[in-house]
Amino acid sequence: MNFLIRFIIFLLDPSGLVRRLLVRPAVQIGYNIYDDIKSRADEKVGSLKELVLRVGLVAFAVVLIIWIAVFMYVAFYYTYMPAISHTRPVHMQFKSCLDSATPCTFPHAHVSLTKKQQLLMVGQAYRVVVQIEMPETPQNLEFGMFMVCGEMRDNNALLRGQSCRSAMMRYRSPLIRAITTWVLSPLFVLGLKEEFQRVPVEIFANYLEERQHPITDVFVEIQSQKIQFYTVSLHIVADFTGLRYIMYNWPILSAVVAISTNLFFILVIFLLSWYHWSDTTWLHNLRKKYGRITETLQSKTSKAIASKSGFRDDEDLSFLDDKSNGSEIEEMGGSSDSRRSSKEELIGSKPRKDNEEQQLLLRRVQ
């Protein structure tokens, strides 16, 4: 019978059987495949986002660590390394004589180094050099040697150093001077070169700055009345030794070594801190300790407030914890109960006596 009914339904609606047997299973399989592909794609997208986020965090951490290492070296360099040299012009002064072309006094000058802050670094050795540009005139060539003196004074005008050094022009034979003049004559004619010599005079070879007496003024004097010069300048040059010498003469090598060392220590600190913060057991213990401390503080504050306000419930009830106090309370309770029972007996005995007296009076009356 069922077969006949199905056969009739198939004859009446053959497409329904096709939909049930072929179309619906195919659509269901298609939906399952689509859901599977979509879930895998979502997982891949989520993993890709997580990967990108992790790579970004790692790159940020690496850049931050490198920047910190470079910044530490630059800050150390500018705080540890002083200025290489300080140059000041020296304006010589003298009194001229009316009867001769030479000065009547020695050329001298006052050079002000600083007024607001300390110029030289404390503990660093400096070379103080006076450089004189002298023309190759016959007077200077015949002049010979001369003395250059210098004085270093602090902000209170106290003398902190004094020195005198001898100097003279470099000797060149007449033949060498003639050849040099002929070879460089085009430059001399065009004004690109002049006939003079720079004579450096080192006044102080190893001057050390003091913290309490910073140098602010330098006095220079040339002890000669026949000297001729174009310009005079004062040069204070740092004489580096040790680590400063290495950092100044090999800057790239020292920078690479210092930055690498900073990176190593920063990475060690970063890894130790990462390991320390990844283990959170110590944090839970710290929270428990903090909770205990807060509870004790709250209890102490509540007791203090209760004692001030007159309500000492905790203190009044605290004696109940002691065994001796409990026994005393029980004894007091027992004694009080006995007293109550005796009172009740006395109270009960009074009406009995009254009743007996009434009965005796009635018997006498009868």
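Things to note:
- If you wrap the Cα atoms of region 130-243 in a convex hull and average its projected area over all directions, you get 10.1 nm².
- For the pair residue 243 and residue 173, a Förster radius of 45 Å applied to the C-beta separation gives a FRET efficiency near 0.50, rounded to the nearest 0.05.
- Rg and Dmax over the alpha-carbon atoms of region 22-142 stand at 39.9, 134 Å.
- Accessible area of region 23-125 belonging to carbon and sulfur atoms, whole % at 1.4 Å probe: 66 percent
- Looking at region 207-271, the trypsin sites (Lys or Arg not before Pro) that sit in a DSSP loop and have at most 12 other Cβ atoms within 10 Å of their own Cβ are 211.
- For region 62-105, alpha-carbon Rg relative to the globular expectation (2.2 N^0.38 Å, N residues): 2.79
- Extension gain for residue 112-residue 84 works out to 8.2 nm (0.36 nm per residue, less the C-alpha to C-alpha distance).
- Between the beta carbons of residue 58 and residue 290, assuming R0 = 30 Å, the FRET efficiency works out to 0.35 to the nearest 0.05.
- Here region 161-307 has an Rg and Dmax of 35.4, 112 Å, counting Cα atoms alone.
- A 1.4 Å probe over all protein chains sorts 196, 204 by accessible area into 196, 204, starting with the largest.
- For region 135-173, trypsin sites (Lys or Arg not before Pro) meeting the loop criterion (DSSP other than H, G, I, E, B) and having at most 11 other Cβ atoms within 10 Å: 170.
The values are calculated or read from the model by the stated rules, or taken from the named source; none is laboratory data. Quantities reported herein were computed from a predicted structural model and do not represent experimental measurements. Counting neighbours? That spans all protein chains shown, and the Cβs are built from the backbone with ideal geometry, glycine included. Note: accessible area is taken over every heavy atom of the protein model, side chains too, but ligands, DNA and RNA are not part of it. Shrake-Rupley method; radii C 1.70, N 1.55, O 1.52, S 1.80 Å.
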